[in-house]
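Asks: I am attaching a structure below and will ask some questions about it afterwards.
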2 protein chains.
Amino acid sequence: MKLATYKDGSRDGQLVVVSRDLSTAHYATGIANTLQQALDDWNFIAPQLQDLFVTLNHGKARHAFAFDPKMCAAPLPRAFQWADGSAYINHVELVRAARGAEVPASFYTDPLMYQGGSDDLLGPCDDVVVPSEAMGIDFEAEIAVVTGDVPMGATPEQALEGVRLLMLANDVSLRNLIPNELAKGFGFFQSKPATAFSPVAVTPDELGDAWVGGRVHLTLHSSWNGRKVGMCDAGPDMTFHFGQLIAHIAKTRRVRAGSIVGSGTVSNQGVEQNGRMEWPKGYSCIAEKRAIETLQDGAPKTEFMKFGDTIRIEMKGKDGQSIFGAIDQEIAPLAR
Amino acid sequence: MKLATYKDGSRDGQLVVVSRDLSTAHYATGIANTLQQALDDWNFIAPQLQDLFVTLNHGKARHAFAFDPKMCAAPLPRAFQWADGSAYINHVELVRAARGAEVPASFYTDPLMYQGGSDDLLGPCDDVVVPSEAMGIDFEAEIAVVTGDVPMGATPEQALEGVRLLMLANDVSLRNLIPNELAKGFGFFQSKPATAFSPVAVTPDELGDAWVGGRVHLTLHSSWNGRKVGMCDAGPDMTFHFGQLIAHIAKTRRVRAGSIVGSGTVSNQGVEQNGRMEWPKGYSCIAEKRAIETLQDGAPKTEFMKFGDTIRIEMKGKDGQSIFGAIDQEIAPLAR
């Protein structure tokens, strides 16, 4: 089934069930008011939401209305956890190669992950508000899952069973703040402003056989200012699957219902064409494009985003239909 | 006023108002069910809680009962943000000096801060469950604040006005996981298991004139296995006050109601006694004691915590009364 959260002026919004084709929606009133409430008691509430989803798909839901992604908050407008992995090691390899650094061997067995802020998550069409263009504004197109409760010490296989929903994410990064911040040794903080999520969160069964072994075998499309810059395969180059990422968190603590876990920038390996390395599938973040340019030509030439720029992130199923709806945001200055 | 959250089997517990002397409590039913609900609508709800607090202190609350810290969850059993500073630079200086490293000049003007997990916070008497003693189990005695909404770009003075409540925290750390984790460059993750908080969260006015300029000028007591090891002054050596810490978060994003912001390990400067540096006020984490031993005698000799060890953290007002109640935890292995 497909779930979304409509803005209603409250902090957690109103849970709605969305039809498979994203054309209609129905308030989940009487079942659960918010998505967190549904996740807190999933085994009891999910079947009721599923019944409404089926009715809605058949055009039989009595108070259905046209679904409008612009009305959406993030599926979880605030969450108790947002932990973002960097599961596509190819992305790490590219960025490191461009600055002449090696990838430590442990990176292939021990996932990179950072704890992100989750008190203020952005809806799919909300502006990305940044204090200054000089901070180096970049998008990062990712896949994310929402978990149920996962016990401490869970294996990757056990952790994978904790996946309740999938979404797309735009993990906005302020690239020019990162070097100083990471040099301090405590990880990202100011370099990671609020993250945006797709209009709709879907249960894994909505992906059909594209959801295999904790990976999504579909193409993630990124369009920057209307120009398609990324058509990356999310499946094959994901070094760590979502069960491994969740188990990484659960190594020393419990993971509680409503935790969001991200894949990191989706990235594909390059191919040699006429004696030169090319990345025909494009890129899911500008930093990676700049790394590619550096490897190809010795220096980056693509600049980061400017105020007024737009970014659209979407994934389509094998039937060509949008699965999650599109993240579609504009970069905006902070109004003083 | 003083607020706590009683365990009731639900994920967010039940909000209770606690008398100033911590002897009695009263459910806040009819005003707000949970602390997050109160924080979400603070200007409307806080005065009603305050009225109940006054009635309770006068012994006039009709359904008051004896307050029992063992019944408490963390004031926020799960939170939308837990951001922990390292505001006592003396702690950083000591730990770095012990390993022969300098403190970068920027550390005195730009706060160190990490984003912690907040989906599973521990009550004051909950066990600290750790998979293995070999992970190097340490306590960290800290002060933490809970914020209201703070806009992006807030100054430290504006941010300080966002402080709603204060608590004590035990930011448990797994010291032997830290070197490898920080070497990966993305900050703490597995090395920071669930954090515990004091039974009671208090409004700043409960601290009287000990709350000055965003700092708490009182002594933080830490007892390890019943032996007092820390009597650290929380005020004078706090390099960054809470307004500065909150403003650090708000630099590139909004800070939303119910965010918890920590001070980092409370730490005091050493004094020279008979030609040797001494730290007569003790320590608020074992890592600091080991750094002191290394500086004094060339090597650490105090070992980290073992299963069955206890840690008690408390702060008393100038009248000798416990302000927040005590964090009183035992270290326990993960049951398989």
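The values are calculated or read from the model by the stated rules, or taken from the named source; none is laboratory data. Quantities reported herein were computed from a predicted structural model and do not represent experimental measurements. Reconstructed Cβ throughout: ideal geometry from the backbone, glycine too, with neighbour counts over all protein chains shown. In case anyone asks, the SASA skips ligands and DNA or RNA and just uses the protein heavy atoms, side chains included. Shrake-Rupley method; radii C 1.70, N 1.55, O 1.52, S 1.80 Å.
Asks: Say we look at the stretch A:297-325 and pick out the residues that are within 19 Å of A:ASP126 (Cα to Cα) and over 20 Å from the mean Cα position of the chain (by Cα); which of these is least open to solvent (accessible area, probe 1.4 Å)?
Replies: Here the residue is A:GLY308.
Asks: Take the stretch A:69-120 and flag every residue that is within 16 Å of the chain's Cα centre (by Cα) and at positive phi.
Replies: Matches in the stretch A:69-120: none.
Asks: Would you tally the residues in the stretch A:302-312 being part of a loop (DSSP other than H, G, I, E, B) and over 22 Å from A:GLN269 (Cβ atoms)?
Replies: Within the stretch A:302-312, residues that are part of a loop (DSSP other than H, G, I, E, B) and over 22 Å from A:GLN269 (Cβ atoms) number 6.
Asks: Are any residues in the stretch A:114-146 open to solvent by less than 10 Å² (accessible area, probe 1.4 Å) and touching a helix residue (DSSP H, G or I) at 6+ places or on another chain (Cβ under 6 Å), and if so, which ones?
Replies: A:PRO124, A:GLY136, A:ASP138, A:VAL145
Asks: Please work out which one of (1) within 14 Å of chain A (Cβ to nearest Cβ); (2) assigned to a helix (DSSP H, G or I); (3) open to solvent by 10 Å² or more (accessible area, probe 1.4 Å) is the condition B:LEU207 fails and give its number.
Replies: Tallying (1) within 14 Å of chain A (Cβ to nearest Cβ); (2) assigned to a helix (DSSP H, G or I); (3) open to solvent by 10 Å² or more (accessible area, probe 1.4 Å), B:LEU207 fails exactly one: (1).
Asks: Can I ask one more? Out of all the residues in the stretch B:159-177, which are within 10 Å of chain A (Cβ to nearest Cβ) and open to solvent by 20 Å² or more (accessible area, probe 1.4 Å)?
Replies: Within the stretch B:159-177, the first condition is being within 10 Å of chain A (Cβ to nearest Cβ), and the residues that meet it are B:172, B:174, B:177.
Within the stretch B:159-177, B:LEU177 is the sole residue that qualifies.
Asks: Restricting attention to the stretch B:179-188, and to residues there that are closer than 26 Å to B:ASN268 by Cα and free of Cβ contacts under 8 Å to residues at least 40 places away in the same chain, which single residue is least open to solvent (accessible area, probe 1.4 Å)? Full working, then the answer.
Replies: The initial filter retains those residues of the stretch B:179-188 that are closer than 26 Å to B:ASN268 by Cα, namely B:179, B:182, B:187-188.
Now restrict to residues that are free of Cβ contacts under 8 Å to residues at least 40 places away in the same chain: B:179, B:182.
Working: B:PRO179: 87, B:LEU182: 52 Å².
For the stretch B:179-188, the residue satisfying everything is B:LEU182.
Asks: Just name the residue that is farthest from B:GLU142 (Cα to Cα) out of those in the stretch B:159-203 that are in contact with an Asp or Glu (Cβ under 6 Å, 6 or more places away or on another chain) and among the charged types (D, E, K, R).
Replies: Across the stretch B:159-203, the extreme among qualifying residues is B:ARG175.
Asks: Can you say whether A:VAL150 is open to solvent by less than 10 Å² (accessible area, probe 1.4 Å) and within 17 Å of A:SER198 (Cα to Cα), as far as the supplied structure shows?
Replies: Taking the combined requirement at face value, the residue does not satisfy it.
Asks: Sticking with this one: Collect the residues in the stretch A:224-266 that are part of a helix (DSSP H, G or I) and more than 14 Å from chain B (Cβ to nearest Cβ), keeping them in residue-number order.
Replies: Answer for the stretch A:224-266, where residues must be part of a helix (DSSP H, G or I) and more than 14 Å from chain B (Cβ to nearest Cβ): A:PHE242, A:GLY243.
Asks: Within the stretch B:101-128, take every residue that is free of Cβ contacts under 8 Å to residues at least 24 places away in the same chain and not charged (D, E, K, R) and give me the one that is nearest to B:ILE178 (Cα to Cα).
Replies: B:ALA101
Asks: Checking the condition at pLDDT below 95 and closer than 28 Å to A:VAL146 by Cβ, which residue from B:GLU181, B:GLU102 passes?
Replies: B:GLU181
Asks: Determine which member of the set B:VAL216, B:VAL212 is more than 14 Å from chain A (Cβ to nearest Cβ) and surrounded by 19 or more Cβ atoms within 10 Å (Cβ to Cβ).
Replies: Every option except B:VAL216 fails the conditions.
Asks: So which strands (runs of 3 or more DSSP E) stay within the stretch B:11-124 end to end and still have 2 or more residues that are more than 10 Å from every other protein chain (Cβ to nearest Cβ)?
Replies: Strands (runs of 3 or more DSSP E) meeting the threshold: B:14-18, B:24-27.
Asks: Would you point out the residue of the stretch A:272-292, among those that are open to solvent by less than 60 Å² (accessible area, probe 1.4 Å) and free of Cβ contacts under 8 Å to residues at least 24 places away in the same chain, that is farthest from the other protein chains (Cβ to nearest Cβ)?
Replies: Filtering first and then ranking leaves A:GLU278.
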